[in-house]
1. Which FRET efficiency, nearest 0.05, do residue 410 and residue 344 yield, Cβ-Cβ r, R0 35 Å?
2. How far is helix 103-114 tilted, in degrees, relative to the longest principal axis of the Cα atoms in the chain, given as a value from 0 to 90 rounded to the nearest 10?
3. So for the chain, taking the charge dipole from beta-carbon charges (+1 Lys/Arg, -1 Asp/Glu), which of 295, 191, 224 sits furthest toward the positive end?
4. Would you mind counting up the charge near residue 191? Only other residues with Cβ under 11 Å from its Cβ, with Lys and Arg at +1 and Asp and Glu at -1.
5. Given only helices, namely DSSP H runs of n ≥ 4 each adding -39500 (n - 2.57), what is the per-residue ellipticity at 222 nm of the chain, to the nearest 500 deg cm²/dmol?
6. Looking only at 45, 398, 127, which one moves most when the chain is put into a Gaussian network model with springs between Cα atoms under 10 Å?
7. Can you list the aspartates and glutamates whose alpha carbon is less than 19 Å from that of residue 95, not counting same-chain residues fewer than 8 positions off?
8. Please compute the net charge surrounding residue 217, taking Lys and Arg as +1 and Asp and Glu as -1 over other residues with Cβ under 9 Å from its Cβ.
Amino acid sequence: MPLRQQCLWETLSPNTLNAPPLKGESRADVCIIGAGITGLSAALHLAEQGRRVVVVEAYEVGHGGSGRNVGLVNAGMWIPPDEAVATLGPAVGEKLLKVMGNAPYEVFSLIERHGIDCQAQHQGTLHMAHNGKGLADLQRRAEQWQRRGAPVELLTGTACIEACGTAHVSGALLDRRAGTINPMGYSLGLARAALAQGVQLHQQSPVTRLERQGSQWCVVTRQGAVLAEQVLIASNAYTEGEWTTLRNQFFPGYYYQVASRPLGPEADFILPGAQGSWDTRTVLSSIRRDAAGRLLLGSLGNMASRPGWFIEAWADRIQQHYFPALGKVEWECTWTGCIAFTPDHLMRLFEPAPGLLAMTGYNGRGVTTGTVVGKAFAHYLCSGDSEVLPMPFVPWDHNPVGQWRSPLYEAGFSLYHAGQCLRIVV
């Protein structure tokens, strides 16, 4: 069968929400733009505190990176702990590390509290060293997290081979705080929980204008408008339109995935502990299984317009390198999502005007970051206390990011993947 362009998570978690487009005028205490993990987490926590909330989404719940990501429930950030502290300073850096180290607990507690069906596995994650340099990096990360009391362990030798299911890894950092989910299932579960709390949710309602009208904000969509005292822009990498300058604060990058057909017992040696994983390559590869036993591979780059044979050739190369005993694998579907990157790999929180909040720059850690930022924004909107935020706001015009980075990075990713297919690079 030919490889089809379709997000696996969407097929496993169909959208059956009753969330029609916004028509006419609506009023709210808070209007949230974007029904991804951040917006839905904020909506749920605001509603639990008695706020009237309206969420408008340009497409459907989880349409963006929230429903299309790998489903890794990561602890921490992309960069090592000491690097975050060096960039932000000891007070802010350590506070952020504590929040993000605890973030998987926030995700899994929401899943349990609201009975969200999303294939949740709280068994940890494995960061795999693909060479000696990668192992040295993992050793540094392990030491830095262990110094802060985190339950992480560097696996080597037989323990590493058994945990990963491959002898082509020299070490793996096991982070027991973390885990995996079906991200679309999680996004839809948050939406259902928010609706049950009285949140008004409108899909297929792209925002065309945002303006101040006296003491309120007016969020205009194609067929309606929301008048609200406060607004949260939670569209992140999928921000569209000329009404916001948020797009100047990140550069878009892409991440694609390939899923196999469900595999039988012959594949049970791959990640037998149900952890998700990724390797230490600069252009990394992610590896995980789903509840049906599919093998999911992914990497940085935009494969939306690439021919199926190229994507399958890449997937074959990664699978045969790490798991040669598996033999030939049949690949079923592939999809691509967009990520908001920042040059220092740290997120940004904004309050450009009273009652207007925004965020961006999750750098591929959207499941956990979106959950805790959405919750923190909800508490801030209710209390006005900035101490509830994981880090301080930065100015709206804070160091605009050059958009030239996106095509440059994409060209580099494409060359690297072509080299993998041609066996020029491993």
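1. Numbers: r = 20 Å, r/R0 = 0.57.
Computed FRET efficiency for residue 410 and residue 344: 0.95.
2. 70
3. Sorting the options by dipole projection puts first 295.
4. Values: positive: 192; negative: 57, 60.
Around residue 191, the charge tally is -1.
5. Values: 12 runs with 141 residues, N = 426.
Using -39500 (n - 2.57) per qualifying helix, the result is -10000 deg cm²/dmol.
6. For the chain, modelled as a Gaussian network with Cα springs under 10 Å, the answer is 398.
7. 82, 83, 106, 143, 344, 385, 387
8. Values: positive: 212; negative: 211, 229.
Every neighbour counted, the sum reads -1.
The values are calculated or read from the model by the stated rules, or taken from the named source; none is laboratory data. Predicted, not measured: the structure shown is a model, and the values here were computed from it. Cβ atoms come from the backbone with ideal geometry, glycine included; neighbour counts cover every protein chain shown. SASA here: full protein model, heavy atoms, side chains in, ligands and nucleic acids out. Shrake-Rupley method; radii C 1.70, N 1.55, O 1.52, S 1.80 Å.
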